[in-house]
Amino acid sequence: MNLELLLVLALLVGAILMFSLGRPRADAVGLLMMVGLPFTGVITVREAIAGFSNPNIILIAAMFVIGEGLARTGIAQGLGDWLVARGGKNETRLVATLMLIVGALGSVMYSTGVVAIFIPVALRIAQSTGMSPAQVLMPVSFAALISGMLTLVAAAPNLIVNYELVRTGAEGMSFFTLTPIGLPILLLGVAYMMFARRWLGTGGADGQRTGGRPSLTDWVETYRLAERELRVRVREDSPLVGQPLGALALPGHAELAVLAVERSRPFHTCLIGPDPTTEIAAGDILLIDSPTPIASPDARCADLGLERLPLSGAYFTDQAQGVGMAEVMLPAESRLVGKTLVELQLRAQYDLTAIGLRRGTVAHTPERLREERLQPGDTLLLVGAWKAIRQLRGGGRDLVALNLPKEFDEVLPAAKQAPFALLALAITVTLMVLDLVPAVQAALIGCLLMGLFRCIDLDSAYRAISLRTLVLIAGMLPFGIALERTGGIDLAATALVALLGDAGPYLILATLYLITVLIGLFVVAAANAVLVIPVALALAAELGASPYPFAIIVALAASSAFMTPIAPPNAMVATAGNYRFGDYVRVGLPFVVVVMAVSVALVPWLFPFY
């Protein structure tokens, strides 16, 4: 063993120790390795930073952007909301469907983004069914990890493994190379979690409500809004068709306020603001605030050709993507003090409607609300489009934004562009699957289409790219070159051959899988693949075998970080699920054995050794 190899191994051991301790953070470790490796004399500075020019770095960045486009247009959130609405109270069906959706989306989005989107969905499922959040969140993180085994672009280790295959003269993997193995693992994962989630705590989900910002549901209860909801559909024979919205009036109920108009469009339904000049169309659904009960409402609606619709009891919170709320306070110098809600004319000035008044901690009753004179310090609950609510944040002399609901953070900036985001994704995947252009070029085309269709803007695209991930991978890639030049890879491969030379192919793959998983307990998945794949390919060369089963088993094992909280999907749910390290080991270890058994059985069958 020469001095140069000892220096490289010392840096490698140092990197593993820093990864396991979590200090400094992973991308800083990558930078340290990038700086330190040239001092060994094995590689040059140019080679140390060459990882940034690696096509896979660009491909990973592009997939971050495409994933952000899917998030901004609400495709992922829409699937989650559909699941909550249609899943009922059947816990098994809800969790199983949730895992399948997360797995499917994770095959074209990076797992961290998918988990971030579905944590609120999982918490809503826990609340609606009475399950503990811990029983729902770990299935989400496991499904996100398994999604990395479904397609070439689903996880960074896959791209690193593919790059090394190509670099050593092999053809590389196709978009769906891993799918025949990953899909059975996903189905087994769903079945396994139906049983294993019982180990993750019991009890209701009451603890998930924490302090901080209120939700729209909280305000519905505080201001007694549930009984004020009125939804009507405009029939084709209605005399209001073609009339401006301002023509709508029910005799004796001038206080009625149209909050929004729900109108069907090709491929989607949109909400239109209550502009008095908007023409009413047949089929429109009017969302109306009715502070006082209407006598004989069916008869009065029938006179206007309106059909009353069933009420949700949630006061339009099901339309939270289009209709928002905010609490504002009247400062002492406000020009609105002393006026009534009728005199404020908030609709004309702010494009918002006041539907609630709170004085101190007591909310005013809906009756005669519009005649109440406002006092300094009063809190108003306003409802309207999020765009108008967002403008309140700038502050002002008359109204001071006091509270924005939790749902404000979930508003989708480009919900109307969802069909175009799906089209951009379909084009990208088709180009990759048919191998019409290189994968990185297909991903860049997808990014350009997302921008062209206004699913994402440039600023959002840059923010979506995880520079930490890219710096980490670029910083660790030179290790492969350094270990190859110093003979470290050949040394490791020779040692494994001496240890396993007489073993069968299944035992060799199982050993390689276990080595990768054990390193993954301390090292993030991308760095894990960088370290193990050169040894795996050298082992294949020593045995005179095909490189594909060795490479694919490394890719699968690198995504099998089920029993460690160091994996980003597991780390993201740790706090919300109140998990301990032992929870990941107790649930993850048996599943690692399951995944290893499936992988070792399927890989040699689909990709023979010789």
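Got a sec to turn the phi values of the stretch 455-462 into Karplus ³J(HN,Hα) couplings, 6.51 cos²θ - 1.76 cosθ + 1.60 with θ = phi - 60°, whole Hz, x for Gly and Pro?
Karplus values, whole Hz, x for Gly and Pro: 6, 8, 9, 4, 4, 5, 5, 5.
If you project the alpha carbons of the stretch 90-131 onto their three principal axes, what span does each projection cover, largest first, in Å?
31, 17, 8
Quick one: length gained pulling residue 170 to residue 462 fully straight, 0.36 nm per residue minus the C-alpha distance?
101.8 nm
Compute the FRET efficiency between residue 337 and residue 272 as 1/(1 + (r/R0)^6), taking r as their Cβ-Cβ distance and R0 = 30 Å, and round to the nearest 0.05.
Calculated transfer efficiency: 0.35.
How about residue 387: which lysines have a C-alpha closer than 27 Å to its C-alpha, ignoring those fewer than 8 places off in the same chain?
Partners within reach: 339, 406, 416.
FRET efficiency for residue 281 and residue 400, Cβ-Cβ distance as r, R0 = 30 Å, nearest 0.05?
After rounding to 0.05, the efficiency reads 0.20.
Quick check for you: which residues of the stretch 476-513 have the amide N under 18 Å from the point 7 Å beyond the Cα of residue 53 toward its beta carbon?
476-482
In nm, give the distance between the simple-model label positions of residue 45 and residue 264, each being 7 Å from the Cα along the Cα-to-Cβ direction.
According to this spin-label approximation, the distance is 6.6 nm.
Which whole-number percent is the relative contact order of the stretch 1-67 (Cα, under 8 Å, 6+ apart)?
25 percent
At 0.36 nm per residue, minus the direct Cα-Cα distance, what do residue 541 and residue 100 gain on full extension? Give it in nm, one decimal, please.
Extending this stretch completely gives an extra 155.0 nm.
Using a cut-off of 14 Å between beta-carbons, work out the net charge of the residues near residue 550 (Lys and Arg +1, Asp and Glu -1, residue 550 not included).
Computed value for this residue: -2.
Counting helices only, and only those DSSP H runs with n ≥ 4, report the 222 nm mean residue ellipticity of the chain as the sum of -39,500 (n - 2.57) divided by its residues, in deg cm²/dmol to the nearest 500.
-16500 deg cm²/dmol
Express the carbon and sulfur contribution to the solvent-accessible surface of the chain as a percent, rounded to the nearest whole number, probe 1.4 angstrom.
61 percent
What longest range of the chain stays clear of loop-exposed trypsin sites (Lys or Arg not before Pro) (DSSP non-H/G/I/E/B, at most 13 other C-beta within 10 angstrom)?
Answer from the scan: 398-579.
Tell me, what HN-Hα J-couplings in whole Hz come from the Karplus equation 6.51 cos²θ - 1.76 cosθ + 1.60 at θ = phi - 60° for each residue of the stretch 478-487, using x for Gly and Pro?
Going residue by residue, I get x, 4, x, 5, 5, 5, 5, 6, 8, x Hz, with x marking Gly and Pro.
Rg and Dmax of the chain over Cα atoms: what are they, in angstrom?
Gyration radius and largest Cα-Cα distance of the chain: 29.0, 95 Å.
When ligands, DNA and RNA are left out and all protein chains stay put, how many square angstrom of accessible area per residue does the chain have with a 1.4 Å probe?
Per residue, the chain has an accessible area of 44 Å².
Determine the order of 316, 581 by accessible area, beginning with the largest, at a probe radius of 1.4 Å.
Result, largest first: 581, 316.
Give the longest segment of the chain that steers clear of GluC sites (Glu not before Pro) in DSSP loops with at most 13 neighbouring Cβ atoms within 10 Å, not counting the sites themselves.
The longest uninterrupted stretch comes out as 368-610.
As an exercise, use a Förster radius of 25 Å and the Cβ-Cβ distance of residue 9 and residue 506 to find the FRET efficiency, rounded to the nearest 0.05.
Approximately 0.25, to the nearest 0.05.
Just how large is the dipole of the chain about the Cα centre, in debye to the nearest 20, putting +1 at every Lys and Arg Cβ and -1 at every Asp and Glu Cβ?
Using Cβ point charges on Lys, Arg, Asp and Glu, the chain gives about 700 debye.
What number comes out for the charge environment of residue 48, summing +1 per Lys or Arg and -1 per Asp or Glu over other residues with Cβ under 15 Å away?
-1
Aspartates and glutamates near residue 89 by alpha-carbon distance under 20 Å, same-chain residues fewer than 8 away left out - which ones?
Cross-link targets: 81, 206, 318.
The values are calculated or read from the model by the stated rules, or taken from the named source; none is laboratory data. Remember, predicted model here, so these are calculated numbers, not experimental data. Neighbour counts are summed over all protein chains in view; Cβ atoms, including those assigned to glycine, are modelled from backbone coordinates with ideal geometry. Remember, those area values only see protein heavy atoms, side chains included, never the ligands or the DNA or RNA. Shrake-Rupley method; radii C 1.70, N 1.55, O 1.52, S 1.80 Å.
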